[in-house]
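Step one of this worksheet: look at the structure below.
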Amino acid sequence: MSTRIDARFAELKQQGRSAFVTFVMAGDPDAKTSLDILKALPKAGADVIEIGMPFTDPMADGPSIQAAGLRALKGGMTLRKTLAMVRDFRKDDNTTPIVLMGYYNPIYIYGVESFLADAKTAGVDGLIIVDLPPEEDTELCIPAMKAGLNFIRLATPTTDDRRLPAVLANTSGFVYYVSITGITGAATADSNAVAEAVARIKRHTKLPVCVGFGIRTPETARAIAENANGAVVGTAIVDVVRANLDAEGRATPKTVSAVADLVSALAQGVRGAKQAAE
């Protein structure tokens, strides 16, 4: 199985640079603006796009991403509409990898088999489901792999060498290393600690390792990208969406362009990184 994710990381390896991975919440602040933001991301420098699936009880998300999910739900966003958004995005872009990130409950309600078939048809390439541990791989991970989707697992600062093999067993696409203990947006990533952690994970896998949580500026993105195969930014992007809404929480003429400007600056940071030897 080869996915758009595999192709993109192979291409970036040839170019000798790390990936810039962006996270946005589906339907934030509304379906149309969310799609416009999605379409703007690759042009601004995103190499891989993670799309959050709004959920009422997001245990790993900090206040910013929680609020984005609630805005999306208030606007009527659903999992079916999220897949429809991916289908619309694919009409103009058939190469940028799309990863859906979120929680298992909406997928369970949708029906695993139906969801995987619809996600694949829509043009989804991978899944990050933060509340399904390796012990539950038969629930979604293995069916996803059989459906041709990458199942991307999280590793954290508390994932020790005894736990790593289980985490990596059925992981594909890339490994997502969470740079801090806690929720999204809670602290700034320590590039030295991240470098050590990435090196340790790479002793266990040949998959690319991308680092997220705690990356808000081009400078931090550059520092992380020098030791990882990718830098993931979510909270900073979601915060810019929120900062460019009107008093009623609706999109303004600046919403999409403000996101594109930040993503462009962060992309320059990632692309300015000096790659460490593999």
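Evaluate the following for D6: is it in contact with a strand residue (DSSP E or B) (Cβ under 8 Å, 6 or more places away or on another chain), under 24 Å from A221 (Cβ atoms) and open to solvent by 30 Å² or more (accessible area, probe 1.4 Å)? Yes, satisfied.
Each residue in the range 155-169 was checked for being assigned to a loop (DSSP other than H, G, I, E, B) and surrounded by 15 or more Cβ atoms within 10 Å (Cβ to Cβ), and 3 of them qualify.
With respect to (1) open to solvent by 40 Å² or more (accessible area, probe 1.4 Å); (2) among the polar types (S, T, N, Q); (3) in contact with a helix residue (DSSP H, G or I) (Cβ under 6 Å, 6 or more places away or on another chain), the lone exception for S257 is condition (3). Is at least one residue of the range 171-186 open to solvent by 30 Å² or more (accessible area, probe 1.4 Å), touching a helix residue (DSSP H, G or I) at 6+ places or on another chain (Cβ under 9 Å), without any contact (Cβ under 8 Å) to a residue 60 or more places away in the chain and not acidic (D, E)? No.
Between A277, A247, A243, A265, which is at pLDDT below 95, more than 17 Å from the chain's Cα centre (by Cα) and open to solvent by 10 Å² or more (accessible area, probe 1.4 Å)? Of the residues listed, the single one that is at pLDDT below 95, more than 17 Å from the chain's Cα centre (by Cα) and open to solvent by 10 Å² or more (accessible area, probe 1.4 Å) is A277. Listed by first and then second residue, the pairs linking a residue in the range 139-165 that is touching a residue at least 24 places away in the same chain (Cβ under 8 Å) and closer than 16 Å to L100 by Cα to a residue that is outside any loop (DSSP other than H, G, I, E, B) and open to solvent by 40 Å² or more (accessible area, probe 1.4 Å), with Cβ atoms under 8 Å apart and 6 or more places separating them unless they lie on different chains, are P143/E113; A147/A117; A147/K120; G148/K120; L149/K120; N150/D6; F151/M145.
Every residue in the range 90-137 that is open to solvent by 40 Å² or more (accessible area, probe 1.4 Å) and either part of a loop (DSSP other than H, G, I, E, B) or closer than 17 Å to D47 by Cβ (or both), please.
Result: K91, D92, N94, T95, V130, D131, P133.
Just one of the listed residues (A72, A40) is crowded, with 24+ Cβ neighbours inside 10 Å and over 21 Å from G173 (Cα atoms), namely A72. Within the range 54-69, the residues that satisfy the criterion of being open to solvent by 10 Å² or more (accessible area, probe 1.4 Å) and outside any helix (DSSP H, G or I) are P54, F55, T56, D57, P58, M59, A60, D61. Taking the criterion of being under 15 Å from the mean Cα position of the chain (by Cα), outside any helix (DSSP H, G or I) and of a type outside the set (D, E, K, R), the residues of the range 199-227 that qualify are P208, V209, C210, V211, G212, F213, G214, I215.
The values are calculated or read from the model by the stated rules, or taken from the named source; none is laboratory data. Keep in mind that this is a model prediction, so the values were computed, not measured. FYI the Cβ positions are ideal-geometry reconstructions off the backbone, even for glycines, and counts take in every protein chain you see. We work out accessible area using only protein heavy atoms, side chains counted, and drop any ligands, DNA or RNA first. Shrake-Rupley method; radii C 1.70, N 1.55, O 1.52, S 1.80 Å.
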